[in-house]
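Chemist: Before I ask anything, here is the structure I am working with.
The values are calculated or read from the model by the stated rules, or taken from the named source; none is laboratory data. Only a predicted model underlies this, so the values are computations on that prediction, with no experimental measurement involved. FYI the Cβ positions are ideal-geometry reconstructions off the backbone, even for glycines, and counts take in every protein chain you see.
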Amino acid sequence: MSVAAPDSKKRTPAELARRKSGAPIVALTAYSAAMARTLDPIADLLLVGDSLGMVVYGFDSTLPVTLEMMIAHGAAAVRGATRACVIVDMPFGTYQESPAQAFKNAARIMAETGCAGIKIEGGEAMADTVRFLVERGIPVLGHIGLQPQSVNVIGGFRAQGRNEAEADRVMADARAIAKAGAFAIVIEGTNEPVARRVTEAIPVPTIGIGASPACDGQILVTEDLVGLSDGHKPRFVKRYAELNQAVAAAAAAYAEDVRTRAFPGPEHCYGPSTIERSPKPTASQRR
Ligand code: KIV
């Protein structure tokens, strides 16, 4: 297995689909143009996840997220990315009713954001919808295992596949979504034996979150990775930075400078000498 260095080649759903057992897929979330611009040279896939409802908007689940929110954040992320494959999540209630409803809303997301494809949660029950979208030109990233939009049915954010029946369910979901044409599948919150079995059984890449190194790639919420989300750190998150602390320290230093009038200094002020004026005409020009 090669550990290819990032290159400038544009990432597409078709290219990522070919990464099965190749270089692991590096995926992160991005909800803004600024974050997408920062991550674009590094990540293969940028997901505008509906996790933004919890991370950005402070909801306690992803359920209140609207199509309009996803389109606004999706379009911003697409403006910030030139190389990574940008995928936008479909929010709860915008695709579960019927394949036709899913196509109408997915087409709107694609047209209004310029993203490369969409992600929907669900296994066997969503297979017909995945097929319907793919056959009509919409690349689909699947999402099985722990599905946060079904939190009220599964009884909380709990790992899936811990007993044989659940493990069989994850496997059946993976097979159905892969067969329906998804270019890759996110597996959330399951253990290594299940993730390994699924990854070995299906022909498209698996992208894990809390699903062990057995997957073909990994995804994390960027704010979790850099310490910008709330205090709770799920077990599967590795923190690579503590930006909340860095932001608080910078803001405290600014507050101190404002209170002591150390900021703004002369170098931050416009002076008369910096105001551009048209040069005065010389004596000869006046004549
Ligand atoms: O909404 C999201 O960000 C996601 C990922 C964490 C997989 O679905």
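Chemist: From Gly58, Gly53, grab the single residue that is within 16 Å of Val221 (Cβ to Cβ) and under 13 Å from the mean Cα position of the chain (by Cα).
Modeler: Of Gly58, Gly53, the one residue that is within 16 Å of Val221 (Cβ to Cβ) and under 13 Å from the mean Cα position of the chain (by Cα) is Gly53.
Chemist: Being surrounded by 15 or more Cβ atoms within 10 Å (Cβ to Cβ), of a type in the set (A, V, I, L, M, F, W, C), under 27 Å from Ala195 (Cβ atoms) and in the same structural domain as Pro213 (by TED's automatic domain parsing) is the requirement here; does Ile25 meet it?
Modeler: Criteria met by Ile25.
Chemist: If you go through region 181-231 one residue at a time, how many are of a type in the set (Asp, Glu) and assigned to a loop (DSSP other than H, G, I, E, B)?
Modeler: 2
Chemist: Something else about it: Here are some residues: Arg108, Arg169, Arg131. Which one is touching a Lys or Arg at 6+ places or on another chain (Cβ under 9 Å), in contact (Cβ under 8 Å) with a residue 40 or more places away in the chain and in the same structural domain as Pro41 (by TED's automatic domain parsing)?
Modeler: Just one listed residue meets the conditions, Arg131.
Chemist: Any residue that is assigned to a helix (DSSP H, G or I), in contact with an Asp or Glu (Cβ under 8 Å, 6 or more places away or on another chain) and touching a residue at least 60 places away in the same chain (Cβ under 8 Å) - is there at least one of those in region 59-68?
Modeler: No, that holds for no residue.
Chemist: Say whether the condition of being more than 12 Å from the ligand (Cβ to nearest atom) and under 20 Å from Leu146 (Cβ atoms) is met by at least one residue in region 64-71.
Modeler: Scanning region 64-71, I find at least one residue that is more than 12 Å from the ligand (Cβ to nearest atom) and under 20 Å from Leu146 (Cβ atoms), so the answer is yes.
Chemist: Name the pairs: first residue in region 197-218 and without any contact (Cβ under 8 Å) to a residue 24 or more places away in the chain and surrounded by fewer than 19 Cβ atoms within 10 Å (Cβ to Cβ), second residue among the aliphatic types (A, V, I, L, M) and in a helix (DSSP H, G or I), Cβ to Cβ under 7 Å, at least 6 apart or on different chains?
Modeler: Ser212/Ala195
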